[in-house]
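Here the structure is laid out as structure tokens; the discussion comes afterwards.
Only the coordinates and a few stated rules stand behind these numbers; no lab work does. Treat the numbers as computed from the prediction; the structure is a model and nothing was measured. Note that we place each Cβ from the backbone using ideal geometry, even for glycine, and neighbour counts take in every protein chain shown.
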Amino acid sequence: MTATKVTLKDVAAHAGVSYQTVSKVLNGDMQVAPETMERIQAAVRELGYRPNRIARNMRAGRSFMIGYSWTQTEPGQVNHILDQFLSSMVREASAVGYYVLPFPFQEGSAQIDAYRDLIRSGNVDGFVLSSVNYNDPRIQFLLKQKFPFVAFGRSNPDWDFAWVDIDGAAGTRQAIEYLIGRGHRRIAILAWPEDSRVGNDRLQGYLDAMQAAQIGIEPGYVLRGEGTFDVGRAMTLHLLDLPSEQRPTAIMALNDTMAIGAMAAARERGLGIGTDLAIIGFDDAPMAQYLFPPLTSVRQPIAEAGHKCVELLVALVEGQPVAQKHVLLQPSLIIRASA
């Protein structure tokens with residue numbers, strides 16, 4: 001008897017119980033005596049029984065699939081944070097009997113078409129969204145459809161939906177307070193474009209910390225641009241070319257890639273990183289600890305975020321009570337030699 005041909009009836013006969021008992025026990029719909037459970041489990045192991053997922057899905061009226069799309073990085077670049085996030089989601093989904101169905105993020109109306117098609121086809125039970133921004137059309141669409149989803153990130157404050165997010169303002173505030181505690185007063189920040197919700201959240205932490213310490217922000221100390229190495233390097237070169245009395249002694253970047261660009265600019269100007277110029281990043285990407293000098297950075301609890309997104313979505317899909325619809329996780333500052 002091969003594993004592909006083993007049926008519930010075979011398992012029942014081997015265990016000496018009824019077909020209905022095996023079906024209900026394996027689906028979690030019945031409690032039986034410990035010795036009966038052991039016989040059923042032994043029969044499953046010995047016969048190599050594998051459940052028919054298609055039949056199970058039809059009975060349950062669900063696909064046990066979670067749809068997930070994200071903004072893909074440019075060729076030759078990586079996004080360590082979203083890669084870690086996807087990995088943690090896959091682990092958590094597998095642990096509770098679900099699978100993650102990734103599909104590419106598209107711009108314009110095409111992105112909504114993909115969500116609409118997956119809903120109509122019944123291929124997914126819910127969605128996890130990432131790269132969430134203001135006025136996100138995916139959130140508007142899914143709210144209108146009343147289809148289960150959880151967002152990794154917040155959007156418009158007046159929209160009511162389930163989300164898991166990381167307190168970016170708290171992370172940046174920790175970093176700036178640390179720099180102030182080290183005696184820095186001329187602190188610049190490499191920020192993101194004004195239409196970035198995540199960027200504005202992180203920037204607010206800088207503004208709050210400087211205001212709380214009653215430190216005025218020099219004109220030109222807040223620079224905005226895409227979060228790339230080249231932009232971080234160019235911004236830092238601009239800051240280091242200021243007159244010596246205006247030049248910042250510390251720079252905070254809103255991601256590690258920009259911070260690495262800042263480190264490159266400091267070397268070009270012959271400055272000691274961590275001595276002449278303190279540099280802090282955000283994300284604590286895996287390579288941060290291996291740089292020279294190692295990069296001080298704000299670490300995000302990404303694995304926990306992926307876990308929470310799946311946990312919350314499964315509860316919504318299965319109609320379970322949700323204790324906390326909004327989950328805000330706290331980051332932590334990892335201090336290394338660059339600051």
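Computed quantities for the displayed model
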| item | result |
| --- | --- |
| Sorted by Cβ neighbour density within 10 Å, fewest at the top, the residues SER69, SER131 | SER131, SER69 |
| Taking N as its residue count, the alpha carbon Rg of the chain over 2.2 N^0.38 Å | 1.27 |
| Degrees between helix 229-240 axis and first principal axis of the chain (Cα, 0 to 90, nearest 10) | 20 degrees |
| Distance in nm between pseudo-label sites at LEU242 and ILE112 (7 Å out along the Cβ direction from Cα) | 4.4 nm |
| Lysine pairs within the chain, Cα separation less than 21 Å, 8 or more sequence positions apart or different chains | 6 |
| Extension reserve of the TYR290-LYS144 stretch, reckoned as 0.36 nm per residue once the Cα distance is removed | 47.9 nm |
| Charge sum, other residues only, whose C-beta stays under 13 Å from ALA151's C-beta, Lys/Arg counted +1 and Asp/Glu -1 | +2 |
| Loop-resident sites, the stretch 264-320, for trypsin sites (Lys or Arg not before Pro), counting at most 15 other Cβ within 10 Å (DSSP) | ARG269 |
| Theoretical gain in end-to-end length, GLU35 to ASN123 [0.36 nm per residue, Cα-Cα removed] | 27.8 nm |
| Cα centroid of the stretch 115-142 to Cα centroid of the stretch 323-338, whole Å | 26 Å |
| Relative packing of peptides 211-222, 251-262, 146-157 - highest average C-beta neighbours within 10 Å first | 251-262, 146-157, 211-222 |
